[in-house]
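**Q** One structure coming up, written as structure tokens, with questions to follow.
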Amino acid sequence: MTKTVTVPGALQARVSKARLLARYAVTPGLWPTCAPVRTFWFDGEPNFGDLLTPLVLPAYGVAPLRSSYRRAQMVAIGSITDGLPDGYGGLIWGSGSFGWEQNDLSAAKVLAVRGANTRALFEFSEDVPLGDPGLLVSRVLRAGRTHNRIGVVAHYSHIEHPVLKSILTRLGARGVAIDVRDKPRKVCRQISGCSAIISTSLHGLIVADSYGVPAAWSMLPPTLYGGDFKFLDHESVVLGGSRHRRVVISGDESYDELIQLAEPADLARVRDAVVGLEASIARLREHLPDRISPLRLVRWRGR
């Protein structure tokens, strides 16, 4: 008889699912019934931005359940569109591209995309709303206690980068390293409590914009997949035109110099994006026929 062995990766996936379902069971927005949906989000690296989908949607009565690309009914937050299979016919809600589109998504039901660059790249309709759903974080989580500090949000590939370490050393108590590998709620509250954000992480910028915190972003080696495409995609929504907040940092900047580099997003444009995203959630729920108790999610298999 063949003995079944559970590999660590599979075990970790089960643990993650159990934790997610436990959290959903006590999420007020999912009671008395919720709309489950098989959803893909990237979890190959610990990164709070990739985990914002199951943080945001439950507040609106939708319970995303982690799925593979090919089984997913929906994709949401993240640079996900490029990895979808040709002919994908599921839902796209707020996703973005790395800028190298080659796949055919003409059959997809596009409820919203991250920015104007993604929309143009795939030639989606001009009626498709724009905005990364991370902009909804401030509608879901209250801001943390305000501190007169600059938050440095490093992409996980830049955690040990000498430029960022130098900035934090110079700032001392007036700076805080915000670790994208921490739990999303903690990271969002830390960002919301800062006087400014310097980020090499896209969602460090997006969450700052959600809370109205002045921010700037920089490109450091190693260059991220897609270069600056995803940053400019987001900036097209919250600034408009060709404006951006990309800065060059050396590590020698003072607190005052960094404060001067950081700029807030256009609050009216952020507000418009939030309104569009919330309206797109209403359309999303129309595509999800099942309404079940969150306690039944563990057995749900979908239609």
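The values are calculated or read from the model by the stated rules, or taken from the named source; none is laboratory data. What you are looking at is a predicted structure, and each value in this text was computed from that prediction instead of being measured. Cβ placement follows ideal geometry from the backbone for every residue including glycine, while neighbour counts extend to all protein chains displayed. To get the accessible areas, we keep the full protein, side chains included, count just its heavy atoms, and leave off ligands, DNA and RNA. Shrake-Rupley method; radii C 1.70, N 1.55, O 1.52, S 1.80 Å.
**Q** Taking the Cα atoms only, what angle lies between the long axis of helix 202-211 and the longest principal axis of the chain, rounded to 10 degrees?
**A** That works out to roughly 90 degrees.
**Q** Further, regarding this structure: Considering only the other residues whose Cβ falls under 13 Å of the Cβ of Arg181, what net charge follows from Lys and Arg at +1 and Asp and Glu at -1?
**A** Result for the neighbourhood of Arg181: -4.
**Q** Let me ask you something else. Hey, if we sort Ser250, Ser242, Ser166 by accessible area with the 1.4 Å probe, largest down, what's the order?
**A** Order by accessible area, largest first: Ser242, Ser250, Ser166.
**Q** Once the other residues with Cβ under 12 Å from the Cβ of Ile259 are scored (Lys, Arg +1; Asp, Glu -1), what is the net sum?
**A** Summing Lys and Arg as +1 and Asp and Glu as -1 gives -2.
**Q** In whole Hz and in residue order, list the ³J(HN,Hα) couplings for the stretch 172-179 that follow from phi through the Karplus curve 6.51 cos²θ - 1.76 cosθ + 1.60, θ = phi - 60°; x for Gly and Pro.
**A** Listing the rounded values in order: x, 5, 8, x, 9, 7, 9, 8 Hz.
**Q** Follow-up. Using a 1.4 angstrom probe and counting only protein chains, how large is the accessible area of Leu91 in Å², to 10?
**A** About 10 Å², rounded to the nearest 10.
**Q** While we're here: With n ≥ 4 as the cut-off for DSSP H runs, can you work out [θ] at 222 nm for the chain, using -39500 (n - 2.57) per run divided by the number of residues, rounded to the nearest 500?
**A** -9500 deg cm²/dmol
**Q** Test of understanding: extend the Cα→C-beta vector of Ser16 to 7 Å, then name every residue of the stretch 22-46 with backbone N under 12 Å from that spot.
**A** From the stretch 22-46, the list is 40-46.
**Q** Are there chymotrypsin sites (Phe, Trp or Tyr not before Pro) in the stretch 50-134 that DSSP marks as loop and that have at most 16 other Cβ atoms within 10 Å, and which are they?
**A** Hits after loop and neighbour filter: Tyr69, Trp100.
**Q** If you don't mind, there's one more thing I want to ask. Say a site is exposed when it is one of the GluC sites (Glu not before Pro), sits in a DSSP loop, and has at most 16 other Cβ atoms within 10 Å; what is then the longest site-free stretch of the chain?
**A** On the way: sites that count: Glu101, Glu123, Glu126, Glu160.
In the chain, the maximal stretch lacking such sites is 161-303.
**Q** Out of all DSSP beta bridges in the chain, what portion is antiparallel? Express it as a percent rounded to 5.
**A** Values: 2 of 30 bridges.
DSSP beta bridges in the chain are roughly 5 percent antiparallel.
**Q** Under 1.5 on a/c is rounded, so check that first for the stretch 162-215, then, if it is not, pick prolate when a/b is larger than b/c and oblate when it is not; a ≥ b ≥ c are the square roots of the alpha carbon gyration tensor eigenvalues.
**A** prolate
**Q** Take the eigenvalues of the Cα gyration tensor for the stretch 204-303, scale each by 5, and report the square roots as semi-axes in whole Å, largest first.
**A** That gives 37, 17, 14 Å for the three semi-axes.
**Q** Another question, if that's okay. Determine the share of the stretch 169-225's accessible area contributed by carbon and sulfur atoms, expressed in whole percent, with a 1.4 angstrom probe.
**A** 52 percent
**Q** Another one. On C-alpha positions alone, give me the angle between the axis of helix 267-286 and the longest principal axis of the chain, in degrees, nearest 10.
**A** 10 degrees
**Q** Could you work out how far helix 8-25 tilts from the main Cα principal axis of the chain, as a 0 to 90 degree angle to the nearest 10?
**A** Tilt relative to the chain: about 90 degrees.
**Q** Between Arg66 and residues 5 or more places away or on another chain, which pairs have amide H atoms under 5 Å apart, with H built 1.01 Å from N, and which residues are they?
**A** Thr39
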